[in-house]
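Peer 1: Here you go, one structure.
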Amino acid sequence: MSRTRIGEIRPSQLLWSYGPGALIDLPNMSVVTMSSEHWEEPRCRAIHEARLLANVRRVLGPQVESLRMPPINEEEVKDSTSAEALIGVPVKPFPRWLRCVKCGLLSPVDAGLFELKDRFRIERARYVHKGCKGSDGTKRATDADAVPARFLIACKSGHLDDFPWHWFVHRGPSDCQGWLRFYENGASLQTENLWVKCDECEASRNMAHAFGKASLENLPGCRGRHPHLTRFEECDQEARTVLLGATNGWFPATLSVLAIPPKSSTPLSQLIQDGWTFFEDAEDEPEVKTIVKTLKKSGQLPGIEAYEIGEIWASIQSHQGGGDEVHDRDIKTPEWEVLTADEPPNDYPSFKSKVVSAPNQFRDEIKRVVLLERLKEVNALIGFTRIESPEEEAGEDSVKRAPLTSRAPEWVPATEVHGEGVFIEFNLNHLEEWHGREAVDGLDKKLRAAHRGWRRKRKLDPEVGYPGIRYAMLHTLAHALIREMALECGYNAASIRERVYADVEGDQNQAGVLIYTAAADSDGTLGGLVELGKPENLERLLTQALDRAEVCSSDPLCAEHDPTKDQSLHGASCHACSFVAETSCEAGNRYLDRALLMPTLETRGAAFFWWEG
């Protein structure tokens with residue numbers, strides 16, 4: 001069990017790792033994060049991002065009023081004895097079954113065999129088995145620690161429950177009320193060496209029977225339990241055994257947007273939006289003057305002091321009136337329009353850009369490069385899944401999304417991250433020529449067939465959701481650049497993210513990738529990525545990335561991989577050459593094939609950056 005200290009979870013972690021329904025390892029026990037309706041809303045700072053709020057409402061309903069930060073403010077908790085230091089996110093112990101580390105006794109908390117110690121010092125709180133005499137009952141009676149049982153069951157509908165120990169040991173319903181013991185019988189901790197035994201009837205069971213195909217016969221159906229909501233519901237899914245702390249126990253379903261200037265926005269209106277928490281209760285100009293004076297002294301909201309009080313008040317009134325309504329159903333198209341504008345904005349508080357030329361060696365393939373010296377990404381948590389991760393942008397219900405609250409939410413947890421990035425726009429003429437190649441069409445058919453098979457296996461419409469071969473090429477290039485940039489930019493690879501613009505529906509003809517930082521702890525503004533986006537540096541990085549894409553250390557297996565055989569949604573790609581961290585990829589390492597970038601041992605004519613003629 002990890003040794004996470006109480007209060008160590010950062011706001012960004014509550015969105016990506018430990019949100020409602022997720023399990024957290026505390027020093028002596030495991031807990032589940034409760035639903036966001038139990039969080040202290042007044043301490044959750046509002047985030048104002050109209051485009052993201054509009055898309056959250058599209059998914060969760062019009063009742064959603066706001067996006068809010070988790071109730072943790074690092075500036076408030078400098079004094080560990082203050083009342084604010086005790087404010088956080090509510091949790092409760094889960095799983096409810098505990099195991100004595102000394103005698104192996106396995107029992108639920110409610111049975112009264114385990115006692116909670118130091119309940120008023122949460123950092124020391126723990127359960128103990130009082131008077132434990134060891135596994136053979138001959139040792140001197142002492143208190144022994146009781147730890148969470150390491151096995152749980154979950155289903156694809158997002159339910160999570162205690163492992164059915166009595167059912168499992170007795171091979172179904174039983175009237176036996178004997179105590180259970182968990183013990184190891186072997187040198188290793190493999191499931192084949194783990195056993196559960198009943199003291200009363202001496203029935204026993206090997207834990208290997210709880211996994212794989214055997215689990216279908218040895219486990220009951222899912223009870224539909226949502227521990228973070230403290231409720232049960234109807235469920236027809238098969239229950240699967242999962243390990244405490246396993247990565248498939250909780251996947252966040254999120255929506256994210258880049259904070260870009262609205263079409264009618266001005267630098268002042270953007271400042272008012274960013275600092276709305278300071279101005280939302282302002283009633284007249286004198287009050288605004290006092291607020292601006294305070295902001296100037298404290299160094300908050302830099303730039304606001306450059307405007308006249310009358311201008312600021314007029315902008316506040318416009319914002320209070322609702323401003324421009326936002327109806328964008330497509331998250332990325334407004335971003336694409338701003339990034340590809342002849343003169344992208346470069347004077348907004350959250351968006352500062354600079355257009356540079358394409359690298360000399362790649363002028364045929366790349367149209368231009370935009371250096372984003374400053375940008376802001378806003379993310380919203382709209383649900384979560386278990387067993388299988390959700391699709392990109394969580395807009396498609398390919399996997400059933402579990403709710404964050406017991407009723408329709410009025411607000412959702414969100415975070416904002418300031419960073420920098422490099423946007424690369426590609427030459428459409430070269431793309432059209434590349435699309436016409438026979439080898440490209442062959443890979444497109446293979447990936448499309450794998451996509452259909454993958455969706456049929458999950459009982460989904462096989463004809464929707466395929467992003468296209470252009471997306472696969474751009475996505476693979478983004479991964480190659482992330483892996484290369486991480487070696488030089490000063491950020492770790494997991495803090496660099498991608499946004500792929502490849503929509504060709506209707507009148508759209510997008511072809512671009514944005515590589516940007518999303519590290520909340522460092523604010524993502526070290527300047528490393530922007531420096532690497534300059535023509536001379538980007539040319540060198542692209543050359544290195546493409547050279548690495550040509551041969552993989554797992555070749556020939558990697559190059560010969562056929563996605564139609566295992567429906568894995570990627571071609572010539574693997575952890576050794578193209579995969580990146582889940583926090584970096586917007587598509588879960590799907591739709592990748594380095595044969596679309598450079599010739600491989602298996603395929604030659606499909607490479608976007610190489611052509612035999």
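The values are calculated or read from the model by the stated rules, or taken from the named source; none is laboratory data. Computed from a predicted structure; not experimentally measured. Cβ placement follows ideal geometry from the backbone for every residue including glycine, while neighbour counts extend to all protein chains displayed. To get the accessible areas, we keep the full protein, side chains included, count just its heavy atoms, and leave off ligands, DNA and RNA. Shrake-Rupley method; radii C 1.70, N 1.55, O 1.52, S 1.80 Å.
Peer 1: Does Ser578 count as surrounded by fewer than 20 Cβ atoms within 10 Å (Cβ to Cβ) and at pLDDT 90 or above? Before you say what the answer is, go through the steps one by one.
Peer 2: On the way: surrounded by fewer than 20 Cβ atoms within 10 Å (Cβ to Cβ): no; at pLDDT 90 or above: yes.
When the stated conditions are applied, Ser578 does not pass them.
Peer 1: Any residue that is open to solvent by 70 Å² or more (accessible area, probe 1.4 Å), without any contact (Cβ under 8 Å) to a residue 40 or more places away in the chain, more than 20 Å from Val101 (Cα to Cα) and touching a helix residue (DSSP H, G or I) at 6+ places or on another chain (Cβ under 9 Å) - is there at least one of those in segment 215-223? Steps first, please.
Peer 2: Within segment 215-223, the subset open to solvent by 70 Å² or more (accessible area, probe 1.4 Å) is 216-217, 223.
When the remaining residues are screened for being without any contact (Cβ under 8 Å) to a residue 40 or more places away in the chain, the result is 216-217.
Restricting the remaining residues to those that are more than 20 Å from Val101 (Cα to Cα) gives 216-217.
Retained after the next criterion (residues that are touching a helix residue (DSSP H, G or I) at 6+ places or on another chain (Cβ under 9 Å)): 217.
Checked segment 215-223: at least one residue is open to solvent by 70 Å² or more (accessible area, probe 1.4 Å), without any contact (Cβ under 8 Å) to a residue 40 or more places away in the chain, more than 20 Å from Val101 (Cα to Cα) and touching a helix residue (DSSP H, G or I) at 6+ places or on another chain (Cβ under 9 Å).
Peer 1: Looking at (1) at pLDDT 90 or above; (2) under 30 Å from Val91 (Cα atoms), can you tell me which one Asn248 breaks?
Peer 2: (1)
Peer 1: Among the residues of segment 425-451 satisfying the criterion of being touching a Lys or Arg at 6+ places or on another chain (Cβ under 8 Å) and either of a type in the set (S, T, N, Q) or not in a helix (DSSP H, G or I) (or both), which is nearest to Val257 (Cα to Cα)?
Peer 2: The extreme case among them is Glu425.
Peer 1: Tally time: how many residues in segment 452-478 are outside any loop (DSSP other than H, G, I, E, B) and farther than 22 Å from Thr340 by Cβ?
Peer 2: Qualifying residue count for the region: 6.
The rows are residues; the columns are (1) part of a loop (DSSP other than H, G, I, E, B); (2) farther than 26 Å from Ala246 by Cβ; (3) in contact with a helix residue (DSSP H, G or I) (Cβ under 7 Å, 6 or more places away or on another chain).
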residue: Arg99; (1), (2), (3): no, no, no
residue: Leu113; (1), (2), (3): yes, yes, no
residue: Phe120; (1), (2), (3): yes, yes, no
residue: Arg124; (1), (2), (3): yes, yes, no
residue: Val128; (1), (2), (3): no, yes, no
residue: Gly131; (1), (2), (3): no, yes, no
residue: Lys139; (1), (2), (3): yes, yes, no
residue: Ala146; (1), (2), (3): no, no, no
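Peer 1: If you take the residues in segment 355-374 that are farther than 18 Å from Asn429 by Cα and modelled with pLDDT of 90 or more, which one is most open to solvent (accessible area, probe 1.4 Å)?
Peer 2: Looking at the filtered set, the residue picked out is Val355.
Peer 1: Residue by residue through segment 1-26, note down the ones that are part of a loop (DSSP other than H, G, I, E, B) and modelled with pLDDT of 80 or more.
Peer 2: Result: Ser17, Tyr18, Gly19, Pro20, Gly21, Ala22, Leu26.
Peer 1: Another question about this same structure. What are the residue pairs meeting all of these: first residue in segment 280-303, first residue farther than 15 Å from His319 by Cβ, second residue surrounded by fewer than 13 Cβ atoms within 10 Å (Cβ to Cβ), Cβ atoms under 6 Å, and 6 or more apart or on different chains?
Peer 2: Pairs that qualify, where the first residue is farther than 15 Å from His319 by Cβ and the partner is surrounded by fewer than 13 Cβ atoms within 10 Å (Cβ to Cβ), are Lys296/Glu305.
Peer 1: Can you name the residue in segment 224-259 that is open to solvent by less than 20 Å² (accessible area, probe 1.4 Å), hydrophobic (A, V, I, L, M, F, W, C) and assigned to a strand (DSSP E or B) and is also farthest from Glu49 (Cα to Cα) among such residues?
Peer 2: Ranking the candidates gives Val242 first.
Peer 1: Within segment 170-190, identify whether any single residue is aliphatic (A, V, I, L, M), more than 15 Å from Phe94 (Cβ to Cβ) and open to solvent by 10 Å² or more (accessible area, probe 1.4 Å), and answer yes or no.
Peer 2: The answer is yes, given that some residue of segment 170-190 is aliphatic (A, V, I, L, M), more than 15 Å from Phe94 (Cβ to Cβ) and open to solvent by 10 Å² or more (accessible area, probe 1.4 Å).
Per-residue answers, yes or no, for (1) free of Cβ contacts under 8 Å to residues at least 60 places away in the same chain; (2) touching an Asp or Glu at 6+ places or on another chain (Cβ under 8 Å):
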| position | (1), (2) |
| --- | --- |
| Glu550 | yes, no |
| Leu569 | no, no |
| Ser584 | no, yes |
| Gly588 | no, yes |
| Tyr591 | no, no |
| Glu602 | yes, yes |
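Peer 1: Which of the residues belonging to segment 101-111 are hydrophobic (A, V, I, L, M, F, W, C), in a strand (DSSP E or B) and under 22 Å from Val32 (Cβ atoms)?
Peer 2: Result: Leu106, single match.
Peer 1: Moving to a separate point now. Go through segment 101-119 and give me each residue that's under 33 Å from the mean Cα position of the chain (by Cα) and open to solvent by 70 Å² or more (accessible area, probe 1.4 Å).
Peer 2: Arg119
Peer 1: Just need a number here: residues in segment 40-74 that are within 21 Å of Ser350 (Cβ to Cβ) and either in a helix (DSSP H, G or I) or open to solvent by 90 Å² or more (accessible area, probe 1.4 Å) (or both).
Peer 2: Matching residues across segment 40-74 total 9.
Peer 1: Report yes if some residue within segment 492-510 is among the polar types (S, T, N, Q), loosely packed, with under 15 Cβ neighbours inside 10 Å, outside any strand (DSSP E or B) and more than 22 Å from the chain's Cα centre (by Cα); otherwise report no.
Peer 2: yes
Peer 1: Now for a different question. For segment 319-331, how many residues are open to solvent by less than 70 Å² (accessible area, probe 1.4 Å) and either in contact with a helix residue (DSSP H, G or I) (Cβ under 7 Å, 6 or more places away or on another chain) or at pLDDT 75 or above (or both)?
Peer 2: So the count comes out to 4.
Peer 1: Show the residue pairs meeting these rules: Cβ distance below 6 Å; 6+ apart or different chains; first residue within segment 41-53 and touching a residue at least 60 places away in the same chain (Cβ under 8 Å) and farther than 17 Å from Leu255 by Cβ; second residue assigned to a strand (DSSP E or B) and among the basic types (Lys, Arg).
Peer 2: Partner pairs satisfying both residue conditions: Cys44/Arg68.
Peer 1: Within segment 88-97, can you find the residues that are part of a loop (DSSP other than H, G, I, E, B) and either free of Cβ contacts under 8 Å to residues at least 60 places away in the same chain or closer than 30 Å to Pro42 by Cβ (or both)?
Peer 2: Listed by number, the residues that qualify are Gly88, Val89, Pro90, Phe94.
Peer 1: Could I ask something else about it? I'm told Glu283 meets every condition in (1) in a helix (DSSP H, G or I); (2) out of contact with any Pro (no Cβ under 6 Å at 6 or more places or on another chain) except one. Can you identify the failing condition by its number?
Peer 2: Unmet for Glu283, out of (1) in a helix (DSSP H, G or I); (2) out of contact with any Pro (no Cβ under 6 Å at 6 or more places or on another chain): (1).
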